[in-house]
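The values are calculated or read from the model by the stated rules, or taken from the named source; none is laboratory data. Note that the structure is predicted; figures quoted are calculated from it, not measured. Ideal geometry is used to build each Cβ from the backbone, glycine not excepted, and the neighbour counts take in all protein chains shown.
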Amino acid sequence: MKGEMNSNLLKRIPIDFDGSSYEISLGRGIIGETGAMLAQKTKNRQVLVLYDAFLEKTIQSKLVSGLKAAGFEVFEHALPGGKINKNINEALKIFGVLESNDFSRDSTLIAVGGGVVGDLGGFVASTYLRGINLVQVPTTLMAMLDSSIGGKVAVNFRKTINAIGNYYHPVMNIIDLDFVTTLPFRDYKAGLAEAIKCAIISDRGFFDYLRDNTGQVMARSDEHLLNVLSRSIGIKVDHVKGDVKEGGKRLKLNYGHTLGHAIEISTENGQGETFRHGEGVAIGIMAAAYIARAYLKQAEDIYLAQNDILKSYELPVLVESARIGFDRAELIEECLKNVNKDKKRKDNRIRLVLSQAIGQSSVYPDVPFALIQEAFDHIIKE
Ligand SMILES: NC(=O)c1ccc[n+]([C@@H]2O[C@H](COP(=O)([O-])OP(=O)(O)OC[C@H]3O[C@@H](n4cnc5c(N)ncnc54)[C@H](O)[C@@H]3O)[C@@H](O)[C@H]2O)c1
């Protein structure tokens, strides 16, 4: 396979994270090639395809048939969509499938879905027999440009996001643009929130491009999709390289996440999530922008530029508590409780990533908690 270029393959991105090297293959209609590509990587022919239940048909017609044609014995396990299922009980079910079918150390788990399936499948692959091969096939924009890259794998536990997890890289990552076609507009926009975050923290040119091409980016043309993916993936890789375990530069990728996570988890209800991860990040970005404005004594324009770009991509910039069925005061209280639990806390102070200017950011280790309180008060409306 190496050296030759499948006509549907648009780009190959070589990755090397602390000695783990693999390739991201980006193309249209390439999922059927997964079997042939995997056959080059391992002699073992046992594979578990873990997939988002929504993708049943695509999995059968393209991925599974391709794997079988390449000589793999294929086991399948469907996971119902949504963050509520990124939990240890679902992980146990998958361990059960692997154990009862005698999966061995050099067998493979292919995770096909959004960030939920990728994080959960990656966690299982990283721990079963201390690690089996993992293939990431991200199917949401969020997973393509962010969660499938960088090796963070985890499940949520009670009210703590990614409480139980690991660092584990795949042996291949297949990004098939065909998946973007079926993605609901809401999920597409949620993925763009992470692209906008990448631009704010480190790339003014990318920010300007996103601001000036809203219509084309929203229309998902191949040209713009490839551009958004390549630039976001480039920024992600650049921040993870040399800092997989998040001691320095990688921390900046958490921009908007500390308060965003608290909002995401505090607004979950009996039915599941109120906000997509990317929507939580968008609101979290505006909370961070509010804090930066006060803490760094910034002029209004940096705050407004972030507000405007998020709004132009129809992303939420605040929480309307009554509309989503929450009492405002109680929700603020719950967010404060959950922000305290966030693992980015250090020595009981809140460490936050703030943007000094569009395209620039730093980690501030010691942001006063009163400002966090003020920020929730600002973005959570009646
Ligand atoms: N590991 C990391 O570095 C990292 C980074 C960012 C986010 N995350 C995690 O990612 C998760 C969110 O991921 P997500 O936003 O992809 O959510 P998701 O996996 O829940 O997918 C969103 C929705 O899209 C549906 N879907 C998936 N692919 C589809 C397709 N091709 N067509 C139509 N529908 C499709 C799913 O069924 C689901 O309803 C969160 O748990 C978050 O913590 C992890």
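List of remarks:
- Screening segment 99-162 for strands (runs of 3 or more DSSP E) wholly inside it with 2 or more residues that are more than 30 Å from ASP222 (Cα to Cα) returns the ranges 152-157.
- Selection status of PHE54, near the ligand (Cβ under 8 Å from one of its atoms), at negative phi, surrounded by fewer than 21 Cβ atoms within 10 Å (Cβ to Cβ) and not assigned by TED's automatic domain parsing to the domain that holds GLY234: yes
- Qualifying position, being at pLDDT below 95, over 18 Å from LYS83 (Cα atoms) and more than 10 Å from the ligand (Cβ to nearest atom), among SER221, SER126, SER230, SER202: SER221
- Top-ranked residue in segment 130-182 [being over 21 Å from LYS241 (Cβ atoms) and of a type in the set (Lys, Arg); ranked as modelled with the lowest pLDDT]: LYS159
- When HIS261, HIS277, HIS239 are screened for being within 10 Å of the ligand (Cβ to nearest atom) and farther than 22 Å from SER312 by Cβ, only HIS261 passes.
- Qualifying residue in segment 344-358 (condition: small (Gly, Ala, Ser) and crowded, with 18+ Cβ neighbours inside 10 Å): yes
- Taking residues in segment 205-233 that are outside the structural domain of ALA143 (by TED's automatic domain parsing) and outside any helix (DSSP H, G or I), and partners anywhere that are surrounded by fewer than 14 Cβ atoms within 10 Å (Cβ to Cβ) and not charged (D, E, K, R), the pairs with Cβ atoms closer than 9 Å and at least 6 places apart or on different chains are ARG220/THR181.
- When residues of segment 296-332 are limited to those that are among the hydroxyl-bearing types (Ser, Thr, Tyr) and in a helix (DSSP H, G or I), the one nearest to HIS277 (Cα to Cα): SER312
- Among the residues making up segment 163-174, those that are assigned to a loop (DSSP other than H, G, I, E, B) and either within 12 Å of the ligand (Cβ to nearest atom) or aromatic (Phe, Trp, Tyr) (or both) are TYR168, HIS169, PRO170.
- Residue in segment 161-173 that is without any contact (Cβ under 8 Å) to a residue 24 or more places away in the chain, over 16 Å from SER126 (Cβ atoms) and of a type outside the set (Phe, Trp, Tyr) present: no
- From the list VAL74, VAL116, the one residue that fits, being β-branched (Val, Ile, Thr), within 22 Å of ASP178 (Cβ to Cβ) and within 16 Å of the ligand (Cβ to nearest atom), is VAL116.
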